[in-house]
Structures are given as C-alpha cells and as structure tokens.
1. Inspect all residues belonging to region 122-138 and state whether any of them is under 23 Å from R63 (Cα atoms), in contact with a helix residue (DSSP H, G or I) (Cβ under 9 Å, 6 or more places away or on another chain) and charged (D, E, K, R).
2. It is to be established whether one or more residues within region 168-186 are surrounded by fewer than 21 Cβ atoms within 10 Å (Cβ to Cβ), aliphatic (A, V, I, L, M) and in a helix (DSSP H, G or I).
3. Restricting to region 82-121, name every residue that is farther than 28 Å from Q59 by Cα, out of contact with any His (no Cβ under 6 Å at 6 or more places or on another chain) and either part of a helix (DSSP H, G or I) or of a type in the set (K, R) (or both).
4. For K102, are the conditions met, namely being modelled with pLDDT of 65 or more and either touching a strand residue (DSSP E or B) at 6+ places or on another chain (Cβ under 9 Å) or not acidic (D, E) (or both)?
Amino acid sequence: MLQPRKKLSKRDIKEDPLVTAYGNAQRWFQNHSKVINIAVIAVIAISVLSVLMARSKRQAELRAEGQLGIVEQYYHFGQYDHAINELTRIINTFSGTRAAGKAAFFAANAYFELHDYDNAERYFRLYADDYGQIDFFTSSSLAGIAACLEHRADDAGAADFYEKAARKFPKLYLAPYQLKNAARCYTKIGQLHKAKALYELIHDKYQDTPVARETEILMGLVS
C-alpha cells in the first residue's frame, strides 16, 4: 500500500541543499551584478578591439605591399636615391609589417650600391634584428653587415658575421659562399686555423657545390 507523501514544511525547503545553494548564488549575483556586467563588457570590448586591430594590420599590410611593388621598380632600374626615399617612407609609415621589413632590406642594398656602408649596415641590422621573417633575407642581411664591416677594414667583425649567416641557415645555397668569405677574412687577420676549419667544413658538408672544389686549393694556402 502506498504511503501518503510527506508535505514539506517551510523549514524543510529552507534547509534543502539545492535550494540553499540557489539562494546563495542568487544573492551573490545580485550583490556583484555591477562588477560582473563591467567584466562582461570588458571582455566584449577586448574581443572587438582585437578583431579591429587584426583587420587594420591586414589592411596596412596590403597597402604597404602595393606601394612596395611600385618602389621595387626604381630599385631594379638602379634609381637608388629615389628608391631609398620611398622605401624609408614605407618603413616609417608601415612599421612592423612584413612589407616594411622587405623595404628595409631593399634600402640596405640600395645604400650598399651607393657605397654608403654606414646606412647600409643600419638597415641590414634593422631587418635582421626587428623583422627576419624570410630566411633568405635574414641570411643576406647578416652577410650584408659582414660586407659593410669588411669595407671598413673590420675583417674580424666581417668574419664573425659571414660565419654567423652560414651557421644560422646552413641549408640555404648561400651558406658555403658565406663560409668561404668568412675563411677569407680569417686569413686576412692571420687566424689560419679558423680559415682552414671552415674550408674543411665546406669540403665535407657542401662537396657538391662549386665552392667545395675551390677549397682544395685554398686549404693548401692556409696549411
């Protein structure tokens, strides 16, 4: 036989754990509703701001790339002074974009062609230190710094940067040529053991390259 269902008293309802928890939660939300609303608004604002910033960066990148494409024509036709003016404008206007990094690399090469090795080194360093998204450009920038130092008769510094460029990007086809340049600079300052070690590295690791065949003769000169 079914037992009659017990009627819950107000005290029983009040002592029910679920009811108590719900009541506590409700009171907590009422007491902190202002803080919660501010937090929610802040999260939404940050999300919207992030989307807007990402969109703005994409638009800046597209504008910079478009302008860079035009300026590159001046560079390739040897109009280096005009190219430098436009390239530095892109660097300053669109700082932090991939296109600004490319502009820094081209500006460095343009200055180098004009034999302005101080500014060439400055922009090679700008690319290597602040951008460096493209391995080929980074490797070439490090070697560019080395070439600028070599033109100023800092053969020790040049050797260091040529070697750094090769060791940082050993799989690039530039690597054995950069090692050869480093070895040449070490030879000029009398560090023949370092030069020989690099020639041996070229001979062993890059034996299928044209540079490797030259090292057999060069090793004899530093032994």
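1. For region 122-138, residues under 23 Å from R63 (Cα atoms), in contact with a helix residue (DSSP H, G or I) (Cβ under 9 Å, 6 or more places away or on another chain) and charged (D, E, K, R): present.
2. Scanning region 168-186, I find no residue that is surrounded by fewer than 21 Cβ atoms within 10 Å (Cβ to Cβ), aliphatic (A, V, I, L, M) and in a helix (DSSP H, G or I), so the answer is no.
3. If the condition is that a residue be farther than 28 Å from Q59 by Cα, out of contact with any His (no Cβ under 6 Å at 6 or more places or on another chain) and either part of a helix (DSSP H, G or I) or of a type in the set (K, R) (or both), then Y111, F112, E113, D118, N119, A120, E121 are the ones that fit.
4. Judged against the criteria, K102 is a match.
The values are calculated or read from the model by the stated rules, or taken from the named source; none is laboratory data. Since the structure is predicted, the reported quantities are computational estimates derived from the model, not experimental observations. Note: ideal-geometry Cβ built from the backbone for every residue, glycine included; neighbour counts use all protein chains shown.
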